[in-house]
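Inspection log for the structure reproduced underneath, given as structure tokens.
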Amino acid sequence: MNSIDLFQNPLPRWFKRKSRPTVLIKELRERDRRRMLKHFLGLERADRLLRFGSALPDELVGSYVNGIDFSRDMVFGVYNRVFQLVAVGHLAFAKTDPGKSAVTAKERVAEFGVSVGRSVRGMGVGSKLFERAAIHCRNNDVDTLYMHCLSSNQTMMHIARKAGMAIQRDYGEADAYLKLAPPNPGSMLQEAVEEQFATLDYTLKANTRAAVKWLDRLPGRKRR
Ligand SMILES: CC(C)(COP(=O)(O)OP(=O)(O)OC[C@H]1O[C@@H](n2cnc3c(N)ncnc32)[C@H](O)[C@@H]1OP(=O)(O)O)[C@@H](O)C(=O)NCCC(=O)NCCS
């Protein structure tokens, strides 16, 4: 079984990445649902196929977004400079039968799905979302993180391998899973600090956006 420990061991391989812009990962809530829909509908057809495993029509993408249960799952997002949601990671939790599961003794496992808009690819956003999902699992008593993707998805397979995931390929699809170390003060602190910074950034961008909209509505202003 593969396992990672983000803090007790020297930095894991997937942590040591090239110098890249800071990526702030924000927990998404009910108020972000509309922007999530916009992000998913904005994905190109090929990316939608990679994200959902099939080329879902718009209505089903809408049902997926409306069906996300924020009280059970965790959704993470990245906002760009102009407050557009450019990446979304959905960490879905499922109950296990702890006595019977061959994989975990915990009560829940998690599955991660992610999409990053083309304008911000290759900057470490997908990896960072994955890393945040893994830390959130650790801090919430989940030690098994799954990911399902098409095995032709070279980028995602690369991220999975980099994270040390065990990968099984079958009929063009790949199931990957990662065993996670228990939480420690470092993992708790990292998640809390990251969320604090992302919340500040989110608030600033949301307020700026609201101010720009308000100014645009003033009489005599040209519409953008
Ligand atoms: C997969 C996806 C999330 C990656 O997002 P991203 O922000 O570009 O990812 P990152 O920048 O963190 O990392 C990309 C890594 O893949 C590597 N990579 C890119 N294209 C690659 C390819 N064709 N083959 C192998 N590796 C590749 C990059 O070099 C980079 O590696 P590095 O961090 O070691 O340098 C994004 O491409 C996407 O949204 N795809 C469509 C939806 C999807 O496939 N979702 C996954 C299924 S759940």
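Which of Pro185, Ser115, Tyr79 sits closest to the plus end of the dipole of segment 3-217, meaning its Cα is farthest towards the positive end, when Lys and Arg get +1 and Asp and Glu get -1 on the C-beta? Sorting the options by dipole projection puts first Tyr79. Between Glu59 and Leu218, the contour length at 0.36 nm per residue exceeds the alpha carbon distance by 53.6 nm. Relative to the longest principal axis of the Cα atoms of the chain, helix 185-217 runs at roughly 20 degrees. Can you tell me the FRET efficiency between Asp47 and Ala211 if r is taken as the Cβ-Cβ distance and R0 is 30 Å, rounded to the nearest 0.05? That pair, Asp47 with Ala211, gives E of 0.40.
Relative to the dominant Cα principal axis of the chain, helix 58-67 is inclined by about 70°. When only the Cβ of Lys, Arg, Asp and Glu is charged (+1, +1, -1, -1), the dipole of the chain relative to its Cα centre reaches about 1340 debye. Relative to the longest principal axis of the Cα atoms of the chain, the long axis of helix 125-139 makes an angle of roughly 60 degrees.
With the convex hull drawn around the C-alpha atoms of segment 69-156, the volume per residue stands at 109 Å³.
Comparing mean-square fluctuations of Asp47, Asp69, Asp97 from a GNM of the chain with C-alpha springs under 10 Å, the top value falls on Asp97. Each principal axis of segment 65-224 carries a Cα extent, and these read 68, 36, 30 Å when sorted largest first. In a fully extended conformation the segment linking Asn184 and Leu200 would gain 3.3 nm over its present Cα-Cα distance, using 0.36 nm per residue. Only Cα pairs within less than 10 Å get springs; with that Gaussian network setup on the chain, which residue of Leu178, Leu200, Leu28 has the largest fluctuation? Largest GNM mean-square fluctuation: Leu200.
Label-to-label distance, Ser119 versus Lys162, with points set 7 angstrom from Cα along the beta-carbon direction: 2.2 nm.
Every number here is computed from the coordinates shown, using simple stated rules; none is lab data. As the structure is a computational prediction, the values presented were derived from the model and not from experiment. Glycine also receives a Cβ, built like all others from the backbone with ideal geometry; neighbour counts cover every protein chain displayed.
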